[in-house]
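The values are calculated or read from the model by the stated rules, or taken from the named source; none is laboratory data. The structure presented is a predicted model; accordingly, all values stated were derived computationally and were not measured. Cβ coordinates were reconstructed from backbone atoms using ideal geometry, including for glycine residues, and neighbour counts include every protein chain displayed. The accessibility values were calculated without ligands, DNA or RNA, using every heavy atom of the protein model including side chains. Shrake-Rupley method; radii C 1.70, N 1.55, O 1.52, S 1.80 Å.
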Amino acid sequence: QLQLVESGGGLVQPGGSLRLSCDTSGFTLDLYAIGWFRQAPGKEREGLSCITSNSDYTKYADSVKDRFAISRDNAKNTVNLQMNSLKPEDTAVYYCAAVRRSSLGCMLARSWYDYWGQGTPVTVSS
């Protein structure tokens, strides 16, 4: 019953922007920290950003810092990832993940999360 569904992926030109959404159901979202990850063909799954259950803390990987922004609306059961100044190396399948924690921080390690969506593909190309 606990589900996460990503949407908003597609084809975008270098320098463009894209907004991904993670729609959740089956659990109380404000009890969970959320992370965004991506995986390119032949590469490991990479942690990009995370947000705590009360939105008081966010964290970004160096590869996306100052370009991506994570946000959440617990009332709407939705978490978003705004992606700006996209580069060809951003091409990957993007995933959201959840863990039931209320700590003051969050982690970008894959092992920290218990639940995952199916992913949405993003292609950055001219």
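Determine, for each peptide in 3-13, 112-122, the mean count of other beta carbons within 10 angstrom over its residues, then list the peptides with the highest first. If you can, show how the numbers build up before the last one.
On the way: 3-13: 15.4, 112-122: 16.9.
Highest mean packing first, the order is 112-122, 3-13.
Mind grabbing the accessible area of Arg100 for me, 1.4 Å probe, Å², rounded to tens? Spelled out: Arg100, probe radius 1.4 Å, area about 150 Å². Taking a straight line from the alpha carbon of Lys65, these aspartates and glutamates sit under 14 Å away, with near neighbours fewer than eight places off in the same chain left out: Glu46, Asp90. When +1 charges are put on Lys and Arg Cβ atoms and -1 charges on Asp and Glu Cβ atoms, the dipole computed for segment 13-111 relative to its Cα centre reaches about 120 debye. For the chain, the calculated P(r), taken from all Cα-Cα distances in 10 Å bins from zero up to the bin holding the longest distance, is 14, 50, 30, 6, 0 percent. Each of Val122, Met107, Ile70 was placed along the dipole of segment 69-126 (beta-carbon charges, centred on the mean Cα), and the one lying farthest toward the positive end is Met107. Each 5 Å bin, from zero up to the one with the longest distance, holds this percent of the alpha carbon pairs of segment 1-40: 6, 15, 26, 22, 14, 9, 6, 2. Put simply, the amide H of Leu48, placed in the peptide plane, has neighbours under 5 Å in Trp36, Phe37, Arg38, leaving out anything fewer than 5 places away on its chain. The apolar share of the surface of the chain, taken as the fraction of accessible area on carbon and sulfur atoms (1.4 Å probe, ligands and nucleic acids excluded), comes to 45 percent. Taking all protein chains into account, the per residue accessible area for segment 1-98 stands at 48 Å² (1.4 Å probe).
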